[in-house]
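First up is the structure itself, then whatever we jot down about it.
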Amino acid sequence: MLSRFLSTTAALSLLALLAFRPAAPAKIKVYLIGDSTLSIKEVKAYPETGWGMPFAAFFDETVTVDNRAQNGRSTKSFIAENRWQPVLSELHEGDYVFIQFGHNDEVPTKRSYTPEVDFTANLKRFVSETRSHKGLPVLLTPVARRKFDDAGKIEETHATYAELVRAVARDTNTPLIDLDRSSQALLQQFGVENSKLLFNHLAPGEHPNYPDGREDNTHFNELGARRMAELVLADMRALKLGLIDHLRQGAVKKTVDPQAR
Amino acid sequence: MFSTLLRKAAPVAVLGLLAFTAAPPPPYKTKLYLIGDSTMAQKVRQTFPETGWGMPLGTFFDTTVVVDNRAQNGRSTRTFLAENRWQPVVDALQPGDYVFIQFGHNDEAQNYPDRYTSPEDYRKNLIKFVTETRSRKGLPVLLTPVTRRKFDKAGKIQETHVLYSATTVAVAKEYKVPLVDLDRLSRELLQQFGAENSKYLFLQLEPGDHPNYPFGRNDNTHFSEMGARKMAQLVVNGLKAQHIALAEEHLAKPLPKNAVATPSNANAQPTTP
């Protein structure tokens, strides 16, 4: 009796599995590799948000964003921890790899420090190996930190390493999203005070994840992460990447219903 | 071949089942039911970045609390009941569970007859939610409807729910229900942000900003991710101020590295290792 019940159940679940299997259209994967400014955050870090998180909401169902970015990683440590090879072995023709490093490469006191020559070589490696798998690399300069001078002018925080990314993009003919530059412009537009609204700035008692508050000028809150993702999107459109044919087609009506819908 | 496979698979499945039944039942988690409207509701991907304040609420609590967000876009107390959305909550309630009740936006909408609820009926419905929650030994919490973004020319925030907020406050007083005056608290927050900056709390987008809103958006009722979080924060702090156990004993515990304030020279350095 019991075993017949189980056999029936097993047969049914097998049928259910089969029913789901076919008709899966070839999906485009967008791999994100990089550091904490784009990575997926655990609930314990909320409201800290990586820009890769809202980025995933831009695309229709033909695209899957696979965010492999990791807190604290440089090009060197990302490779050393064997985080690149798995991406490479999964890459299919037409998949994208978005590459944004620099924050942890450029700090000589960090273990993750990557000298300039190695940084360039690692970026070139990401690009050429992506291409050898018929993938499409996209290079991004490291998103800006919030740093203003006394006159309220935004300061460069990645001058050297952002320039190295630009040079690799030029040398290898890779689409470049100059996020360092566009995010500096956005921060300048927000200004010294308001730009805090983009970062993980919390007063004591605001969120139990940060009981004593937070004043983080590198990592974003939800708003900042989305605005950075929107900057990336704007550049994708300017570059006319094929990926923009797979954006969500917003069905939301033009007019705003003032009522709580 | 096919049936052999199944027969082989079956014992394995039985073992799997036994392994689960043998384990001790997991400790009961306090449920926090949210009933209300779109300002609180869980949103779908198609409307992101619109965010209901019930979505980030769970991040404020530790793992002994589970938020069950039953709030629905466009519902008034009347339609929530008529669609049989309340009875399932009552049936599921366990002693010690909470029910957060926030309606009003659609109850007060006289130009939407399919939603409108008279103040008298709104009052009756709130009382029903409260008494039926208590009959199951649940703990009701009443909230006044979160404010809309409406400023006068001088930049002063305007009340947008006068009557229905007052009705909610009156029910809370009469029935001795913990009250979060979210209408007042959110107006204070919006005033603090000011007419311009308060836009960041709402679903305000330029055309082209987000593929979900190709025409942009100028919504002064529904929140952005940050706005939703700030509203949830007002709710949690409102409960804490009244020494509600939920907000005193079950708040999320910080990671050790986040348990202390960041040094003031943290300006240009990444703080997450």
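Things worth noting here:
- Under 5 Å, built H, 5+ apart or other chain: amide partners of A:N67: A:L32
- Full extension of the chain between A:D60 and A:T109 yields a length gain of 13.5 nm, computed as 0.36 nm times the residue separation minus the alpha carbon distance.
- Put in line by how crowded their Cβ is, counting other Cβ atoms within 10 Å and starting with the fewest, B:T168, A:T172, B:T117 read A:T172, B:T117, B:T168.
- For chain A, the relative contact order works out to 19 percent when only alpha carbon pairs closer than 8 Å and six or more residues apart are counted.
- Label point 7 Å beyond Cα of B:K240 along Cβ direction - residues of the range A:214-231 with amide nitrogen under 20 Å: A:214-216, A:221-222
- Cα gyration tensor, the range B:114-273 - rounded (a/c under 1.5), prolate or oblate: oblate
- Each principal axis of the Cα cloud of the range A:26-246 was evaluated for its coordinate range; sorted largest first, these ranges are 49, 39, 33 Å.
- Using θ = phi - 60° in the Karplus curve 6.51 cos²θ - 1.76 cosθ + 1.60, the 3J(HN,Hα) couplings for the range A:176-191 round to 10, 10, 8, 5, 4, 5, 5, 6, 4, 5, 5, 5, 4, 4, 6, x Hz; x is entered for Gly and Pro.
- Measure of compaction for the protein assembly as shown (Cα Rg per 2.2 N^0.38 Å): 1.08
- The H on the amide N of A:I177, modeled in the peptide plane, is under 5 Å from the matching H of A:L139, A:L140, A:T141, each at least 5 residues off or on a different chain.
- The phi-based Karplus calculation (6.51 cos²θ - 1.76 cosθ + 1.60; θ = phi - 60°) puts the 3J(HN,Hα) values of the range B:147-154 at 6, 8, 8, 9, 10, 7, 5, 7 Hz, whole numbers, x for Gly and Pro.
- Taking other Cβ atoms within 10 Å as a rough exposure proxy, B:V235, B:V130 sort from fewest to most as B:V130, B:V235.
- Stokes-Einstein D (µm²/s) once Rh is taken as the Kirkwood radius of chain B over alpha-carbon pairs, at 37 °C in 0.692 mPa s: 157 µm²/s
- Less than 5 angstrom separates the built amide H of A:S39 from those of A:W51, A:G52, all sequence-distant by 5 or more or on a different chain.
- For the range B:157-249, the list of trypsin sites (Lys or Arg not before Pro) that fall in a loop by DSSP and count at most 12 other C-beta atoms within 10 angstrom reads B:K176.
- Cα lying deepest toward the dipole's positive end in the protein assembly as shown, options A:W51, B:V171, A:G224, charges on Cβ: B:V171
- Percentage relative contact order, chain B, counting C-alpha pairs under 8 Å, at least six apart: 19 percent
- The range B:201-241: C-alpha gyration tensor shape, a/c 1.5 cut-off, then a/b vs b/c: prolate
- Distance between the range A:175-218 and the range B:81-146 - C-alpha centres, whole angstrom: 38 Å
- Taking A:Q184, A:Q249, A:Q85 in turn, the Gaussian network model of chain A (Cα-Cα springs below 10 Å) assigns the largest fluctuation to A:Q249.
- Given B:K31/B:K156; A:K153/B:K43; B:K43/B:K199; B:K31/B:K128; A:K153/B:K150, the pairs whose alpha carbons are separated by over 27 Å: B:K31/B:K156; A:K153/B:K43; A:K153/B:K150
Read-outs throughout are calculated quantities, based only on the coordinates presented, and are distinct from any laboratory measurement. Predicted model, so just to flag it, every value in this text is computed and none were measured. Backbone-built Cβ (ideal geometry, glycine too); neighbour counts: all protein chains shown.
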